[in-house]
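The values are calculated or read from the model by the stated rules, or taken from the named source; none is laboratory data. Just so you know, these numbers come straight off a predicted model, no measurement behind them. Backbone-built Cβ (ideal geometry, glycine too); neighbour counts: all protein chains shown.
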């Protein structure tokens with residue numbers, strides 16, 4: 001299966017299945033000499049892992065990462081870094097009733113049509129479980145970017161279903177299971193999710209990611225624009241149906257006199273461009289928004305077909321996130337970090 005590697009100079013190859021023995025990633029192109037430990041990576045994985053609140057899947061995976069290669073005496077050697085995360089709490093029997101049918105809105109249907117084979121256990125290769133290796137690789141990129149440029153990459157949830165979440169402060173984000181930047185709205189979010197779980201249904205979410213302290217000049221016109229590469233990576237995340245940069249679709253209603261960010265000797269006066277002009281970083285914060293669809297695995301019966309094309313009713317049992325967006329903030333941070341590190345290395349290679 002192709003399409004499992006992201007990056008040009010900093011390359012991450014993702015492998016495994018949701019209910020296989022393990023998942024992982026191979027990180028190639030990391031500069032030598034970076035201090036990296038399993039604890040560095042584990043911190044990010046713990047932010048993403050399942051079973052951390054009643055609002056997410058109750059699959060109990062410790063997500064303990066093992067560094068198999070590429071690090072010697074606590075420092076990267078410049079050779080491939082192999083990261084392994086073992087699956088310990090898979091319940092494959094939960095998926096026996098959908099082995100020959102297709103969940104509406106799920107990749108079951110397209111995987112079977114493309115390959116003629118599919119692993120129905122937990123979604124197999126299309127499972128959001130495969131985002132754990134991405135977060136592990138992103139932890140390495142985050143550390144290198146922060147040590148080299150002081151870059152800080154942070155995300156938060158700005159909307160859960162119909163509930164908009166006004167931004168109050170970054171300090172709130174890490175203190176609730178929704179990564180909401182507003183502590184006052186958390187009880188409303190919890191009540192909404194409790195009712196959603198009782199209904200056996202799911203919901204979508206909107207997330208924001210901000211990367212600060214980027215040098216100006218990163219990005220490769222025309223086809224490897226920085227914003228295009230960020231959008232490509234974010235669209236590769238499970239359940240993402242929309243990505244916008246900066247003002248995004250709001251630019252449609254803005255006049256040029258408003259949208260164009262004025263420049264003074266003190267710097268830019270606004271950031272509707274989202275930190276990118278002509279595909280190249282401006283030195284301002286890079287900003288992106290992500291729309292995540294409702295989870296397709298729900299208890300409500302829905303119409304579908306089986307492999308023979310016959311009509312069936314499909315109900316998904318087992319443990320699932322009623323909103324995959326709740327655990328996605330660390331993932332979008334990791335994806336942006338992977339893209340930024342790749343572009344940092346490409347800029348250094350071309351422009352010194």
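Yes or no, residue by residue, for (1) surrounded by 15 or more Cβ atoms within 10 Å (Cβ to Cβ); (2) free of Cβ contacts under 8 Å to residues at least 60 places away in the same chain:
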{"position": "69", "(1), (2)": "no, yes"}
{"position": "105", "(1), (2)": "yes, no"}
{"position": "108", "(1), (2)": "yes, yes"}
{"position": "119", "(1), (2)": "yes, no"}
{"position": "130", "(1), (2)": "yes, no"}
{"position": "145", "(1), (2)": "yes, no"}
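Is at least one residue of region 208-217 assigned to a helix (DSSP H, G or I), surrounded by fewer than 23 Cβ atoms within 10 Å (Cβ to Cβ) and under 19 Å from the mean Cα position of the chain (by Cα)?
Keep residues of region 208-217 that are assigned to a helix (DSSP H, G or I), which gives none.
No, region 208-217 contains no residue that is assigned to a helix (DSSP H, G or I), surrounded by fewer than 23 Cβ atoms within 10 Å (Cβ to Cβ) and under 19 Å from the mean Cα position of the chain (by Cα).
In this structure, is residue 107 at pLDDT 95 or above and either within 20 Å of the chain's Cα centre (by Cα) or within 26 Å of residue 230 (Cβ to Cβ) (or both)? The answer is no for residue 107.
Mind listing just one residue for me: the one in region 221-241 that is part of a loop (DSSP other than H, G, I, E, B) and in contact (Cβ under 8 Å) with a residue 12 or more places away in the chain and, of those, surrounded by the fewest Cβ atoms within 10 Å (Cβ to Cβ)? By that ranking, first place goes to 222.
In the set (1) more than 16 Å from the chain's Cα centre (by Cα); (2) on the phi > 0 side of the Ramachandran plot; (3) in contact (Cβ under 8 Å) with a residue 40 or more places away in the chain, residue 100 fails one condition alone, (2).
Here 304, 253, 244 are screened, and the one residue that is modelled with pLDDT of 95 or more and more than 27 Å from the chain's Cα centre (by Cα) is 253.
Have a look at 166, 177 and point out the one that is within 21 Å of residue 290 (Cα to Cα), surrounded by fewer than 14 Cβ atoms within 10 Å (Cβ to Cβ) and in contact with a helix residue (DSSP H, G or I) (Cβ under 8 Å, 6 or more places away or on another chain). Give the derivation first.
Details: 177 fails: surrounded by fewer than 14 Cβ atoms within 10 Å (Cβ to Cβ).
None of the other options fit; the residue is 166.
In the condition set (1) under 17 Å from the mean Cα position of the chain (by Cα); (2) at pLDDT 95 or above; (3) more than 29 Å from residue 279 (Cα to Cα), residue 153 is compliant with all but (3). So which residues in region 176-193 are in contact (Cβ under 8 Å) with a residue 12 or more places away in the chain and in a helix (DSSP H, G or I), if there are any at all? The answer is 183, 184, 185, 188, 189, 190, 192, 193.
Within region 182-203, restricting attention to residues that are at pLDDT 95 or above and in contact with a helix residue (DSSP H, G or I) (Cβ under 8 Å, 6 or more places away or on another chain), the residue that is surrounded by the most Cβ atoms within 10 Å (Cβ to Cβ) is 182.
For the condition in contact with a helix residue (DSSP H, G or I) (Cβ under 6 Å, 6 or more places away or on another chain), within 24 Å of residue 124 (Cα to Cα), modelled with pLDDT of 95 or more and outside any loop (DSSP other than H, G, I, E, B), what is the one hit in 12, 26? Before you say what the answer is, go through the steps one by one.
Details: 26 fails: in contact with a helix residue (DSSP H, G or I) (Cβ under 6 Å, 6 or more places away or on another chain).
Being in contact with a helix residue (DSSP H, G or I) (Cβ under 6 Å, 6 or more places away or on another chain), within 24 Å of residue 124 (Cα to Cα), modelled with pLDDT of 95 or more and outside any loop (DSSP other than H, G, I, E, B) holds for just one of 12, 26, which is 12.
Inside region 35-88, residues that are assigned to a loop (DSSP other than H, G, I, E, B) and modelled with pLDDT under 95 make up a count of 18.
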